[in-house]
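Just so it is clear, none of the values below were taken in a lab; they were calculated from the coordinates. These numbers come from a predicted model, not from an experiment. Reconstructed Cβ throughout: ideal geometry from the backbone, glycine too, with neighbour counts over all protein chains shown.
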Amino acid sequence: MNRVDTRLQRKTRIRKSISTVSSRARLTVTRSNRYCAAQIITTDGKTVVGVFEKTLKVTGTPIVRAKHVGIAIAKLALEKNIKEVAFDKGPYAYHGRIKALAEGAREGGLQF
């Protein structure tokens with residue numbers, strides 16, 4: 001089993017648990033070596049809101065920029081009357097930029 005297979009297994013396991021347990025929209029996080037992004041996707045698979053770090057033009061460390069992405073996604077979600085979401089971290093560990101994005105979304109007013 002290689003690295004790609006294990007990442008896919010982790011992602012599938014987390015998405016399955018979120019979709020079976022929760023009827024709320026999910027806050028999906030995508031991370032690359034340089035940027036991170038967040039989307040809110042409804043239960044029927046439609047993207048309602050999305051934020052990409054590069055479009056925010058925020059400077060600072062990657063963790064600070066990720067926190068601003070979380071705040072921005074929360075602001076846009078509240079404008080669309082979405083207050084509760086299920087956090088979908090994908091195959092990523094909950095630390096560093098992923099944790100900062102989640103904390104920023106909570107500060108912005110979203111409830112997980």
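Going from the residue with the fewest nearby Cβ atoms within 10 Å to the one with the most, 57, 67, 75, 80 rank 57, 80, 75, 67.
The calculated 222 nm mean residue ellipticity attributable to helices in the chain amounts to -15000 deg cm²/dmol, summing -39500 (n - 2.57) over DSSP H runs of n ≥ 4 and dividing by all residues. Paramagnetic label reach from residue 22 (point 7 Å along Cα→Cβ; backbone nitrogen cut-off under 17 Å): within the range 37-67, residues 37-51. Each other residue within a Cβ distance under 11 Å of residue 63 adds +1 if Lys or Arg and -1 if Asp or Glu, for a net charge of +3. Computed from the Cα positions only, the extents of the range 1-79 along the three principal axes stand at 37, 34, 16 Å, in decreasing order.
Residue 108 sits among other residues whose Cβ lies under 14 Å from its own Cβ, and their net charge, with Lys and Arg +1 and Asp and Glu -1, is +1. Taking Cα centre as origin and charging only the Cβ of basic (Lys, Arg, +1) and acidic (Asp, Glu, -1) residues, the dipole magnitude of the chain rounds to 340 debye.
For residue 34, neighbours were defined as the other residues whose beta-carbon sits under 12 Å from its Cβ, and their charges (Lys and Arg +1, Asp and Glu -1) total +3.
The aspartates and glutamates within cross-link reach of residue 89, meaning a Cα-to-Cα straight distance under 15 Å and a gap of 8 or more places when in the same chain, are 103. Close amide H contacts of residue 86 (hydrogens built in the peptide plane, cut-off under 5 Å, sequence separation of 5 or more or a different chain): 25, 26, 27. Each of 49, 29 has some number of other Cβ atoms within 10 Å of its Cβ, and from fewest to most they run 49, 29. Sequence-distant contacts, meaning Cα pairs under 8 Å at least 6 residues apart, place the relative contact order of the range 51-112 at 46 percent.
When only Cα pairs below 8 angstrom with a gap of at least 6 residues are kept, the chain shows a relative contact order of 29 percent. Among 79, 84, 103, sorting on how many other beta-carbon atoms sit within 10 Å of each Cβ, with the fewest leading, yields 79, 84, 103.
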